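Working notes, beginning with the structure itself.
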Amino acid sequence: MFSIIQAAGWPIWSLVACSILALALVIERFISLDTRKVAPPKLLDEVILLTRNSLPVPGVVTQLEQNSALGEVLASGLRALNNNPRCNDDDLRSAVEGTGRQVARRLERYLNALATIASAAPLLGLFGTVVGMIEIFGSQSTAGGATGGNPAQLAQGISIALYNTAFGLIVAIPSLIFWRYFRARVDGYLLTLELAADRLVRHLIQLRQR
């Protein structure tokens with residue numbers, strides 16, 4: 001592997017850095033976007049059951065907030081009512097929506113960076129290709145009026161051009177695939193959070209009217 005990097009020349013190092021960064025982002029997103037950390041399937045039903053007759057104490061709300069991203073959104077509605085039992089419906093919805101926006105921003109973290117790598121890697125590969133072409137043309141220059149190129153420099157230019165093109169695609173294609181995968185996963189989570197928050201708000205409004 002190191003011999004390939006050496007043959008590709010100095011332009012390959014930017015692509016190596018991009019590949020390492022992309023791998024780190026993919027691993028981080030897989031860990032952060034785990035369903036148990038974002039939207040546990042039965043959490044909403046448990047919260048509605050818990051608040052069937054009355055609001056939970058602040059300590060329980062704090063535990064719910066630390067449970068997951070969905071728990072954080074649900075806890076914001078419960079805390080709003082605990083802090084101000086007379087808050088109107090609009091204030092309750094605003095509290096939940098404000099927390100939802102913060103959670104959504106956190107779920108989307110690093111996705112733009114991954115998309116940037118997917119877009120920039122082919123351009124960096126193209127840059128390496130151009131450098132390789134310059135090496136090739138340089139090998140064809142005449143020296144002392146004699147025609148003919150330098151075979152070693154010609155081979156080096158071809159290696160730089162081909163390796164950088166290939167490596168740019170190798171970095172870009174998986175980055176694009178994972179970006180689309182995480183983007184779809186986040187969109188699904190956001191829909192789940194929105195529906196769960198709306199259901200809880202309606203439940204709390206009914207609870208307050210009793």
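Scanning the range 33-56 for residues that are over 27 Å from the mean Cα position of the chain (by Cα) and not in a helix (DSSP H, G or I) yields T51, R52, N53, S54, L55, P56.
For I20, the conditions (1) β-branched (V, I, T); (2) surrounded by 13 or more Cβ atoms within 10 Å (Cβ to Cβ); (3) under 30 Å from T116 (Cβ atoms) are fulfilled apart from (2). Set side by side, the residues L25, L64, L81, L15 differ, and just one is part of a helix (DSSP H, G or I), surrounded by 15 or more Cβ atoms within 10 Å (Cβ to Cβ), hydrophobic (A, V, I, L, M, F, W, C) and in contact with a Lys or Arg (Cβ under 9 Å, 6 or more places away or on another chain), which is L81. With the structure loaded, tell me whether G59 is more than 20 Å from the chain's Cα centre (by Cα), assigned to a helix (DSSP H, G or I) and closer than 23 Å to L195 by Cβ or whether it fails that test. Against the criterion (more than 20 Å from the chain's Cα centre (by Cα), assigned to a helix (DSSP H, G or I) and closer than 23 Å to L195 by Cβ), G59 does not qualify. Filtering the range 103-120 for residues that are surrounded by 13 or more Cβ atoms within 10 Å (Cβ to Cβ) and more than 20 Å from the chain's Cα centre (by Cα) leaves an empty set.
Checked across the range 22-34, the condition of being at pLDDT below 95, basic (K, R) and within 26 Å of G188 (Cβ to Cβ) holds for no residue.
The set of residues in the range 98-119 that are more than 17 Å from A69 (Cα to Cα), aliphatic (A, V, I, L, M) and out of contact with any Cys (no Cβ under 7 Å at 6 or more places or on another chain) comprises L111, A113, L114, A115, A118. Only one entry in S32, S94 is hydroxyl-bearing (S, T, Y) and touching a residue at least 40 places away in the same chain (Cβ under 8 Å), namely S32. When R199 is tested against (1) more than 20 Å from A39 (Cα to Cα); (2) at pLDDT below 95; (3) not polar (S, T, N, Q), exactly one condition is not met: (1). Scanning the range 81-133 for residues that are more than 28 Å from L193 (Cβ to Cβ), touching a helix residue (DSSP H, G or I) at 6+ places or on another chain (Cβ under 7 Å) and not hydrophobic (A, V, I, L, M, F, W, C) turns up P122, G125, G128, T129, G132. For the range 107-124, the criterion of being under 24 Å from R202 (Cβ atoms) and in contact (Cβ under 8 Å) with a residue 12 or more places away in the chain is met by at least one residue.
For R36, the conditions (1) surrounded by 12 or more Cβ atoms within 10 Å (Cβ to Cβ); (2) closer than 30 Å to N112 by Cβ are fulfilled apart from (1).
The values are calculated or read from the model by the stated rules, or taken from the named source; none is laboratory data. The model shown is predicted, which means the values in this text are computed figures rather than measured ones. No Cβ is skipped: glycine too gets one built from the backbone with ideal geometry, and neighbour counts run over all protein chains shown.
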